[in-house]
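Derivation of every value follows stated rules applied to the coordinates shown; laboratory data play no part. Please read these numbers as outputs of a predicted model, since none were measured by experiment. Cβ sites come from the backbone with ideal geometry, for glycine too, and all protein chains shown count toward neighbours.
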Amino acid sequence: MGYRVAVVGATGAVGREMLQTLAERNFPVDKMHALASSRSAGREVSFGEDEVLTVTALDKFDFGEADIALFSAGGATAKEVAPRAGEAGCLVIDNSSAFRMDEDVPLIVPEVNADSVDSALRGNGGRNIIANPNCSTAQLVVALKPLHESFGVRRVVVSTYQAVSGAGKPAMDELFNQTRGIYVNDPVRPENFTKQIAFNAIPHIDVFLDDGFTKEEWKMTAETKKILDPAIELVAHCVRIPVFIGHSEAVFIETDKPMTESGVRELLRESPGISVIDHRADEGYVTPHEAAGEDAVFISRIRKDPTVENGMVFWCVSDNLRKGAALNSVQIAELVAERGLSGR
Ligand code: A2P
C-alpha cells in the first residue's frame with residue numbers, strides 16, 4: 001500500500017531534503033504534494049531524480065487529501081495548521097519546536113524511542129502529531145542511547161558547533177553572500193544572525209532565557225530528558241559557526257558504571273545509526289564537511305576524561321539537514337508505515 005504524502009515547506013532547506021530523502025529511501029508514495037506559502041505557488045521542486053512537483057499554497061490545501069504530512073515550515077505555521085491537519089485524519093510529523101514538549105505529542109528519534117510513536121494516534125490519547133527533535137538533540141541522543149543502556153549516563157556536558165543551514169535557506173545565502181562581500185570590502189549587514197557570521201563564531205542560537213542560557217541550549221536539555229531519560233543531567237553551550245551543513249558536538253559524559261575506551265568504541269560501532277571513525281592520526285576523525293550528505297551520526301576522538309571517576313569525551317558530527325531534520329522525519333514516517341498506523 002502507498003501513502004498520500006504532503007511536504008509542508010517544500011521550497012525550504014529541510015523541505016527539499018525531505019523530498020530527496022523520501023525518494024532515495026523509496027518511501028511508498030501514491031501521491032506527493034509539495035506545499036509552501038502562497039508566494040511559492042506554481043514554482044517547481046524536484047522529487048527524486050525524475051519527478052518534478054508543482055508547489056501548492058498551503059492555505060489552499062485540504063488535509064483530507066493526505067495520510068502523512070511532513071512539516072518544516074516553522075513553529076508559527078505548524079501551530080496554526082498541524083492541529084487542523086491532525087483533526088482531518090492526517091498524521092503530522094513536525095520538525096519545528098511548536099509541539100515538542102506537549103505531553104500528548106511524542107518526540108521521536110527512531111533509534112531511541114520508536115515505541116512512543118503509537119501514542120500519537122487520537123485513539124491512544126494523541127493528536128495525530130509527532131514531533132521531530134531539534135537537530136543538535138537528534139544526533140546526540142543517538143550516541144547517548146547505547147551508552148545509557150550499558151553504563152547509565154548520569155551527566156552530559158556538550159558544546160556545539162552548528163551549521164548555518166539549521167537557520168534555514170536565507171541563513172545559508174547570508175553566509176555565502178557575506179563571505180564573498182568581505183573580499184570586496186562590502187559593509188557587513190547581519191540579517192539572519194545577530195553578528196557577522198562569515199569568518200566568525202556566534203555563541204547565541206535562538207533567544208536568551210532568564211537564567212542566561214539560550215533557548216537552543218534549553219532545548220537540548222529538555223528534549224534529551226523527554227526522549228531518553230528525565231534523570232539525565234545535561235548542560236549545553238551552543239555556537240553557530242560558518243559551516244553550511246553539518247553540526248559538530250564535543251560531548252563529555254559521566255556514567256554510573258566504569259567504561260573503557262575500547263568498550264565504548266565497540267559498543268558505539270555496533271549501535272544503530274552510528275559510524276565510528278576514530279584513529280589517532282591525521283584524518284582519523286570526521287568533520288562536518290565529510291558528514292554532509294550522509295545519514296550516519298559519526299563518532300570520533302573517543303578518550304577517557306581523567307578529571308572524573310567514570311568519564312568519557314567524544315566528538316559527534318552529523319548532517320543537520322538529514323539526521324537532524326529530514327532523515328529523522330522520514331524515519332518516523334517509515335515507522336508509521338511499518339506499524340500500519342493511520343490517523344483515520
Ligand atoms: P516559501 O518558500 O514559500 O516562503 P527555510 O527554513 O529554509 O527558510 O524554509 C521555510 C519553508 O517554510 C519554505 O518552504 C517556506 O515557503 C515555508 N513557509 C514559511 N512560512 C510559511 C507559511 N506561512 N505558509 C506556508 N509555508 C510557509
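Within straight-line reach of K60, meaning a Cα separation under 20 Å, sit the following aspartates and glutamates at least 8 residues removed in sequence or on another chain: E44, E80, E87, D94.
Here, the stretch 136-320 is characterised by an Rg to Rh ratio of 1.00, where Rg is the alpha-carbon radius of gyration and Rh the Kirkwood radius. If you count the DSSP beta bridges with both ends in the chain, what percent of them are antiparallel, to the nearest 5? About 45 percent, rounded to the nearest 5. Here the label points at N124 and E233, each 7 Å from Cα along the C-beta direction, are separated by 3.4 nm in the simple model. Phi-derived couplings, Karplus 6.51 cos²θ - 1.76 cosθ + 1.60 at θ = phi - 60°, listed residue by residue for the stretch 153-169: 6, 9, 9, 10, 10, 9, 10, 10, 10, 9, 6, 5, 4, x, 9, x, 5 Hz, with x used for Gly and Pro. Remark on A69: its backbone amide H falls under 5 Å from those of A6, L91, V92, I93, a criterion applied only to residues 5 or more positions apart or on other chains, H modelled at 1.01 Å from N. Counting other Cβ atoms within 10 Å as a rough exposure proxy, the listed residues R154, R16, R25 run R25, R154, R16 from fewest neighbours to most. Count the DSSP beta bridges whose two residues both fall in the stretch 136-320, then state the antiparallel fraction as a percent rounded to the nearest 5. So the antiparallel bridges amount to about 70 percent of the total. Between the stretch 198-244 and the stretch 282-344, the C-alpha centres lie 17 angstrom from each other.
Gain on full extension, evaluated as 0.36 nm per residue between D173 and N113 minus their Cα-Cα distance, stands at 18.1 nm. Pairs of alpha carbons in the chain separated by more than 35 Å make up 22% of all such pairs. Report the FRET efficiency, 1/(1 + (r/R0)^6), for E334 and N185, where r is their Cβ-Cβ distance and R0 is 51 Å, rounded to 0.05. That gives a FRET efficiency of 0.55.
Dimensions of the stretch 98-210 based on its C-alpha atoms, expressed as ranges along the principal axes with the largest first, amount to 58, 36, 29 Å. Helix content alone sets the calculated 222 nm mean residue ellipticity of the chain: runs of n ≥ 4 DSSP H residues at -39500 (n - 2.57) each, divided across all residues, give -8500 deg cm²/dmol. Considering only alpha-carbon pairs that sit under 8 angstrom and 6 or more positions apart, the relative contact order computed for the stretch 1-78 is 40 percent. Counting other Cβ atoms within 10 Å as a rough exposure proxy, the listed residues S40, S342 run S342, S40 from fewest neighbours to most. Taking amide H as placed 1.01 Å from N in the peptide plane, F47 has its amide H under 5 Å from the amide H of V52, L53, each at least 5 places away in sequence or on another chain. Cross-link partners of K304 among lysines, defined as those whose alpha carbon lies under 26 angstrom from its own and excluding same-chain residues fewer than eight positions apart: K145, K225, K257. As a footprinting exposure proxy, order T56, T307, T224 by other Cβ within 10 Å, with the fewest listed first. Going from sparsest to densest Cβ surroundings: T307, T56, T224. Would you work out if the stretch 1-95 is rounded, prolate or oblate? Take a ≥ b ≥ c from the square roots of the eigenvalues of the alpha-carbon gyration tensor; rounded if a/c is under 1.5, else prolate when a/b is larger than b/c, oblate otherwise. Cα axes put the stretch 1-95 in the oblate bin.
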